[in-house]
Amino acid sequence: MELKNVDIILTTDRSMMTNHHGKEFLGFMATGPPIGMPESLWMWIACPKMKTDRFGRPWQAPYALRKLEALLQDHGYNAWVIDPDYVDLYIDKAKIMMISHHDYFALCPPSSEWWVITRKEPVNARSFRRFMEKTSIREAKKRGLKIIVGGPPAWQWLYKVDLWANWGVDTVVEGEGERIVLDLVRKVFDNEPLPRYVFVGPGDSPRLEEISTIKYPSVNGLVEIMRGCPRGCKFCSVTLRSLRNMPLDIIEKEMIINIENGVHNGILHSEDVLLYGARGIKPNPEALLKLHELARKHLKEIAWSHASLAAIKNAEEEYKLISKIMEIVKSGDNQDYLGVEVGLETGSPKLAKKIMPAKSAPYPPEKWPQVVEDAFMIMHENNIVPAATLILGLPEESEEDLVMTAELLDKLRPYRSLIVPMFFVPMGLLKDKDWFTSVKVKDEHIEVMRKCLWHSVYWAEDIINRFYLKKSSTAPLRILLKLFLRYVRWKGRSVEKKLGLKPLDISLIQTVR
């Protein structure tokens, strides 16, 4: 099929339009500035260019763009996801350019942490700025192109109104876009004015039947299994959305779309994979086992996007469900581990009770540190490798809270994991709170960050040696990552010496395998 014109371009910058060499964890590097190497090499490691067809349509694309592409095509629009390097082929005649992102201006964690620590702009923000300042986009705006942006970090545009104006963004959409996007597109085609900002509240969330099935492959085979979360953490906007479980037949259709286009691995995406099919916060063993049997049937390798530590602990202790799921996962010929992102957030029961009282459920928030430790042990024993987030600078955080977090990190040392400290960003119900960047960094913050650094460096080397990038084709990338970790070790020790800090002893990690 010839693509002469595209009425609606769906795109984003290179930090998003990439599959991170098929390794989702490498995407975390896009949240930091280039350290110890040229930016071009940093981008190649974290965000290599995506393979495209001759029309500039990428082999894989971010899932949100694929969903919008399917929705618009289902309603008869000439809309396509286009790689950023090929946008110039179509922008002269396009009516609309829609953009999605995970972190437009590097204000979300962990990008915000890198800003504070290094005082350097992360590559995701640099990449997005380069894209928006293309001469072709400026010229297209003069001819009447409409630019609509959205995605989880849409709120960031409220803090960047100068760039909102300078780059000619017409509309910012915050929230799930299925319902509002069709109305915005109609307005453009009917020459009606567009609203500047649209907030899609929980009451306007699309029903399952309003959510289109992707038609082309998503980045690393990501497939959405559930929307929303019932836990109600105050720092998170996802908890404001209604809970919807995707039917297995729709999940299977999207897996097959990916497979038929050469994407044989997959990521099960939800804010808490272990609550798929659940009623409330109790795992549903039957639904989860059927889901993973379906994934094992089709996929060479399986990953989870997110899971809650409480659900991991409860699923294993009450149903032996983690062990059963991992038996399914490892029953294939290609997989001996599973990766997932989890939220550790704090080691303080007091803070846990204040800001995330349901995150530990069905266990009381006073038991949160024990929930964390038990879940890490369960994951370690089952070859589940978590990338854990930890929030610093939460409202009402005290030195005592930080000490308790540091003590919990000591208890987690024997368990294979990456732990990423992040600065508090006022999302969800805490939007009116101060940014952490206005809070003085205390010695206790530095101690927590040091513990996270050395824990993650040690276990990153272990993960690379045991599980990661084993193919001969990925040998150069493997070597570069090992060299980078050596650089981080050297740099970390240099900073400790400069600050007069006694080097942390990480030998205890090595006693438990």
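Compared with the direct C-alpha span, the chain from Glu400 to Lys353 gains 15.4 nm at full extension, assuming 0.36 nm per residue. Rounded, prolate or oblate for the stretch 8-204? Axes are the square roots of the Cα gyration tensor eigenvalues, ordered a ≥ b ≥ c, and the cut-off for rounded is a/c under 1.5. Prolate. Using the Karplus relation 6.51 cos²θ - 1.76 cosθ + 1.60 with θ = phi - 60°, the per-residue 3J(HN,Hα) values for the stretch 297-307 come to 4, 9, 9, 6, 10, 10, 9, 10, 6, 9, 8 Hz, with x marking Gly and Pro. Straight-distance candidates among the lysines for linking to Lys93, with alpha-carbon spacing under 26 Å and chain neighbours fewer than 8 residues away dropped: Lys4, Lys49, Lys51, Lys67, Lys134, Lys141, Lys142, Lys146, Lys187, Lys215. For the chain, the longest principal axis of the alpha carbon atoms and the long axis of helix 443-466 meet at an angle near 80°.
Rounded to the nearest 10 degrees, the angle from helix 399-411 to the longest Cα principal axis of the chain is 80 degrees.
Computed from phi, the 3J(HN,Hα) profile of the stretch 64-76 under the Karplus parametrisation 6.51, -1.76, 1.60 (θ = phi - 60°) reads 4, 5, 4, 5, 5, 4, 5, 4, 5, 5, 4, 9, x Hz, with x in place of Gly and Pro.
Proximity of backbone amide H atoms, modeled 1.01 Å from N, is registered between Leu222 and Ile267 at under 5 Å, excluding neighbours fewer than 5 places apart on the same chain.
Scanning residues 5 or more positions from Ile147 or on other chains, those with amide H under 5 Å from its amide H are Met97, Asp170, Thr171, with H placed 1.01 Å from N in the peptide plane. Taking θ as phi - 60° and the Karplus parameters 6.51, -1.76 and 1.60, the scalar couplings of the stretch 51-56 work out to 5, 10, 7, 5, 8, x Hz in sequence order, x denoting glycine and proline.
Summarising the amide proton neighbourhood of Trp304: residues at separation of 5 or more, or on other chains, whose placed amide H is nearer than 5 Å comprise Leu268, Gly339.
Taking label points 7 Å from Cα along the Cα-to-Cβ direction, Ser331 and Asn465 give a separation of 3.3 nm. Given their separation in residues at 0.36 nm each and the Cα-Cα distance between them, Lys49 and Ser136 gain 29.3 nm when the chain is fully extended. Each residue of the stretch 1-67 gets 108 Å³ once the volume of the Cα convex hull is shared out per residue. Extending 7 Å from the Cα toward the beta-carbon at both Thr118 and Lys491 defines two label points whose distance is 0.6 nm. Full extension of the chain between Lys498 and Lys411 yields a length gain of 28.6 nm, computed as 0.36 nm times the residue separation minus the alpha carbon distance.
Among 472-485, 354-367, 98-111, sorting by the average number of other beta carbon atoms lying within 10 angstrom of each residue, highest first, gives 98-111, 354-367, 472-485.
Candidate cross-link partners of Lys330 among the lysines, defined by an alpha-carbon separation under 25 Å and a same-chain spacing of 8 or more, comprise Lys23, Lys253, Lys282, Lys290, Lys297, Lys300, Lys313, Lys320, Lys470, Lys471. Taking the stretch 207-224 and a reference point 7 angstrom along Cα→Cβ of Asp249, the backbone N atoms nearer than 16 Å belong to 208-214. Quick one, which of (1) 26.1; (2) 23.7; (3) 24.7 is the actual Kirkwood radius over Cα pairs in Å calculated for this model? Of the listed options (1) 26.1; (2) 23.7; (3) 24.7, (2) comes from this structure.
Rule-based calculations on the coordinates, nothing more; no lab input. Computed from a prediction, not measured in an experiment: that's the story for all the values here. A quick note on method: Cβ atoms are made from the backbone with ideal geometry, for glycine too, and the neighbour counts reach across all protein chains shown.
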